[in-house]
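The values are calculated or read from the model by the stated rules, or taken from the named source; none is laboratory data. Note that the coordinates shown come from a computational prediction; the quantities given were computed from them, not determined experimentally. Here the Cβ positions follow ideal geometry from the backbone for every residue, glycine too, while neighbour counts run over all protein chains shown.
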Amino acid sequence: MPLPALPKRYHPASIWALYAVGLLPAVWTFYLGATGQLIGNPVKIFEHLLGEWALRFMILTLLISPIRDVLGINWVRYRRALGLLAFWYVAMHFLAYMVLDKRLAIDVIVEDVFKRWFITIGMAGFVLLIPLALTSNRWSIRRLGPGWNKLHRLIYPIAAAGALHYCLSVKVIGPEQLIYAGLITILIAWRLVRRHYMDWKRGKRQSSSELASAIPRAD
Amino acid sequence: MRRYRPTAIPGSEITPEASYLQRRDILRLGAAGGLALAAPLASPSLSIAAEPEPLAAAPGGYDPGEELTPEADATSYNNFYEFGTGKGDPKARSGDFNPRPWSIKVDGMVGKPAEFDLDALMALGLEERTYRMRCVEAWSMVIPWIGFPLAALLDKVEPQGSAKYVAFETIVRAQEMPGQRGAFQPLDWPYVEGLRLDEARHPLTIMAMGLYGKTLPNQNGAPVRLVVPWKYGFKGIKSIVRMTLTEEQPASTWNRLAPNEYGFYANVNPAVDHPRWSQAKENRIGGGGFFGSNERPTLPFNGYGDEVASLYDGMDLTVNF
Ligand code: HEM
């Protein structure tokens, strides 16, 4: 699929731009809240916004490889930034909860984490994200070798935990929750059928071409 | 910062209607920057059926003496699922709702079933009363309501001796209430609620028709809603069209949806947590952004225990939550 490709020399800049744009919702909403411009319940508005953007960045992270498989567009260079943005949003969500919402009342926080299921699940997601964030660099990839891939498959249970946590946090499950949970379910399920899809695609291409050259498996 | 933050003032000194209007005029002119939006203000009958109008009321003598919630917060941070599940939806998506004309049908176990239109309801004696409002979601407000005691309405219909409960019902009008349309409906309509008859007759229980000196905005339950200040906010059913006196305990929407989370009584009780959050404390809305200290302990019966605790003598309130 021919798409106007970004010249290679702009790739690093585009990644930094993604970080900057990705952090804008948090920065802007923090500014509005700190200056008293969020009407109603500023702490909850901020806390919810951070949680929702965390989910959005998880979904985008999970979308990169299906986009490559199905559409043939390679955006793998943005995947680390998207994953780290997801991590930072979860971390800020947690900080907003601890500092702004619960005002560092450790007893209340501990009770929440151990007693309230939806928070336990969110906390599990956050804790599991930490090793992924710490190993999201070239050095770790080289160091861990194949173990790195294995470790980073944790993103699937983490995203599932995020979606479940969201659904359990609201009073009634509505369209928003169904959309987020649905997307994450599809993106995880894709991994189960991906191999068959790739085999089928390869088979189709081979039969339509005399030059049945081996296509490198993209993993 | 153009937020209006009154200091603790007695109800009698609440900003008079004239200055509310002035301030709103100024905001509107500022926002519109032209005559286009200012024009409807000059002719109240044009296309602003939803715009609250001044509403006169006698002082009702109830005031907790706490800082009022800014009107902007009380009229833009709402739960009213008929217009959507987001807190901002009721204000943003209730513009098509027309609460006039209106009537409430009262039937069931009464001597004189009747239908009350807005004039008949107002004739029941409007009073201004400032009450605390505690939402089950652990936030709270202090709101100057205008309303009449529900007992005054019940007296008119003469409940039979065997009547024990009052069931309430919200309007179903999908074409004007976007939350009632579409493939996905969060709740079963109509929204229903109920009170024991002695709770309904309690002097603190009012049917509100206004707040902050004006008729109710759509997002707050226009044109008439229930206010029971010692119960969680979801008991305060909005845009009521029907009341039925019954012998059996009536259904209530949230209780039906999640009986382990929302009880029929729903009395404010810091000792009984919601399964997913603590009810020990509450966040007073409008108390100063991120960093203002607006958290406070929640009081049993929302601070109205002296008046209402005796209604529940001998009941285990952790079971009947
Ligand atoms: C995988 C990590 C996480 C994700 C993706 C996530 C996402 C979300 C989302 C989307 C919401 C709902 C926002 C809304 O209603 O609009 C939410 C609510 C919430 N989250 Fe998380 N979250 C995560 C981890 C955590 C952690 C670690 C904590 C704290 C220990 C936490 C505490 C909360 C609380 C308390 C709420 C409900 C706030 C309220 O309405 O009272 N979350 N989260």
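What to note about this one:
- Unique residue being within 14 Å of the chain's Cα centre (by Cα) and within 12 Å of the ligand (Cβ to nearest atom) when the list is A:Leu49, A:Leu55, A:Leu60: A:Leu55
- Failed criterion for A:Lys115 (all others in (1) more than 23 Å from A:Leu23 (Cα to Cα); (2) touching a helix residue (DSSP H, G or I) at 6+ places or on another chain (Cβ under 6 Å) hold): (2)
- Among the residues of the stretch A:112-131, just one is of a type in the set (D, E, K, R) and either at pLDDT 95 or above or more than 11 Å from the ligand (Cβ to nearest atom) (or both), namely A:Lys115.
- Residue check, A:Asp107 surrounded by fewer than 18 Cβ atoms within 10 Å (Cβ to Cβ), more than 19 Å from the chain's Cα centre (by Cα) and either assigned to a helix (DSSP H, G or I) or within 14 Å of chain B (Cβ to nearest Cβ) (or both): yes
- Of the residues making up the stretch A:138-194, those that are free of Cβ contacts under 8 Å to residues at least 40 places away in the same chain and away from the ligand (no atom under 16 Å from the Cβ) number 18.
- Scanning the stretch B:162-175 for residues that are part of a loop (DSSP other than H, G, I, E, B) and under 23 Å from A:Glu176 (Cβ atoms) turns up at least one hit.
- Strands (runs of 3 or more DSSP E) enclosed by the stretch B:217-321 - at least 1 residues per element that are more than 19 Å from B:Cys135 (Cβ to Cβ): B:240-246
- Per-region count, the stretch B:115-156, residues acidic (Asp, Glu) and within 14 Å of another protein chain (Cβ to nearest Cβ): 1
- Within the stretch A:115-132, being loosely packed, with under 14 Cβ neighbours inside 10 Å and more than 9 Å from chain B (Cβ to nearest Cβ) holds for A:Val127, A:Ile130, A:Pro131.
- A:Asp112 being surrounded by 14 or more Cβ atoms within 10 Å (Cβ to Cβ) and among the charged types (D, E, K, R): yes
- B:Pro229 meets the stated requirement of being within 24 Å of B:Val319 (Cβ to Cβ) and surrounded by 21 or more Cβ atoms within 10 Å (Cβ to Cβ).
Matching residues to (1) more than 14 Å from chain B (Cβ to nearest Cβ); (2) at pLDDT 95 or above; (3) at positive phi:
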position: A:Ala20; (1), (2), (3): yes, yes, no
position: A:Leu24; (1), (2), (3): yes, yes, no
position: A:Phe30; (1), (2), (3): no, yes, no
position: A:Ala34; (1), (2), (3): no, no, no
position: A:Ile39; (1), (2), (3): no, no, no
position: A:Lys44; (1), (2), (3): no, no, no
position: A:Glu52; (1), (2), (3): no, yes, no
position: A:Leu62; (1), (2), (3): yes, yes, no
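- In the stretch B:182-215, the residues that are touching a Lys or Arg at 6+ places or on another chain (Cβ under 7 Å) and either surrounded by fewer than 21 Cβ atoms within 10 Å (Cβ to Cβ) or part of a loop (DSSP other than H, G, I, E, B) (or both): B:Arg196, B:Leu197
- Hey, B:Glu67 within 14 Å of chain A (Cβ to nearest Cβ) and over 14 Å from the mean Cα position of the chain (by Cα) or not: no
- Here the condition is being charged (D, E, K, R), assigned to a loop (DSSP other than H, G, I, E, B) and modelled with pLDDT of 95 or more; of B:Lys105, B:Lys112, it holds for B:Lys112 alone.
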